[in-house]
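All remarks here apply to the structure that follows.
The values are calculated or read from the model by the stated rules, or taken from the named source; none is laboratory data. Bear in mind that the values here come from a model prediction, so they are computed numbers and not experimental data. Neighbour counts are summed over all protein chains in view; Cβ atoms, including those assigned to glycine, are modelled from backbone coordinates with ideal geometry. Quick note on the areas: whole protein, heavy atoms, side chains included, nothing else; ligands and nucleic acids left out. Shrake-Rupley method; radii C 1.70, N 1.55, O 1.52, S 1.80 Å.
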Amino acid sequence: MKVAIVKYNAGNICSVINAIKRMGIEPILTDDADELRAADKVIFPGQGEASSTMEYLKARGLDEVIKSLKQPVLGICIGMQLMCKHSEEGDTECLGIFDTEVKRFMPQRHEDKVPQMGWNTVYDTKSKLYEGFTQPEFVYFVHSYYVPLCEHTIATTDYIQPYSSSLHKDNFYATQFHPEKSGSVGERILKNFLEM
């Protein structure tokens, strides 16, 4: 199986490469349109800032390439947010795959810390990405922006308010959390994605 990871100006891509290697697959890290289109699965991961990341993608034509992919695509963290239509971070027009906005967490109480950093549960899971899930599971988050609940929501998490911790539309899947840092639960999600 050929797994391609989108190469762009994002942090934290190495942990995704290592997670896929642990599953016995040698992924390729690439920003080449032909290689991305030829892959069986594409992962669009990373940590970063929305506006500078979108500028980078547009300058290399990667925005159009990602939107045109027909195989299963998994966005992780900033990858999920950039797959939405607009982010409050830098007032950024994003890829528009998911017809929803990305909003900044607004603390309601003193103990509400932004960014959300650490372990939290995902619940109300649906779609093939969560096959085998029967109860809420803990996964690892680091983020200051969130996607409200919407028609594309396939997993929910509570932090300040309930929000979308995972999205799905057609061949596009996404997680706000980091499956590559979420132990055996994250590994099961990645395995489900690779087996689609």
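If we sort 95-105, 31-41 on the protection proxy, mean other Cβ atoms within 10 Å, highest first, what's the order? Intermediate values should be presented prior to the final figure.
Numbers: 95-105: 18.7, 31-41: 16.2.
Top to bottom by mean Cβ count within 10 Å: 95-105, 31-41.
Once every Cα of the range 79-125 carries one equal point scatterer and solvent is ignored, give the base-10 log of I(q)/I(0) from the Debye formula at q = 0.24, 0.27 Å⁻¹, two decimals.
Values returned for q = 0.24, 0.27 Å⁻¹ are -0.95, -0.97.
Place the peptides 166-174, 1-9 in order of packing, highest mean first, counting for every residue the other Cβ atoms within 10 Å and averaging per peptide.
Details: 166-174: 21.2, 1-9: 19.2.
Descending packing order for the listed peptides: 166-174, 1-9.
For C94, which sequence-distant residues (separation of 5 or more, or a different chain) have an amide H within less than 5 Å of its own amide H, given hydrogens modelled in the peptide plane?
H86, S87
Give me the accessible area per residue for the range 3-194, probe 1.4 Å, as a whole number in Å². Can you show the working numbers first?
Details: 8260 Å² over 192 residues.
Heavy-atom SASA per residue in the range 3-194 reads 43 Å².
Pop out the ³J(HN,Hα) list for the range 126-138 in order, Karplus 6.51 cos²θ - 1.76 cosθ + 1.60 with θ = phi - 60°, rounded to Hz; leave Gly and Pro as x.
The phi angles translate into 9, 5, 4, 4, 10, 4, x, 7, 10, 8, x, 10, 8 Hz.
Place the peptides 14-21, 58-65, 76-83 in order of packing, highest mean first, counting for every residue the other Cβ atoms within 10 Å and averaging per peptide.
76-83, 14-21, 58-65
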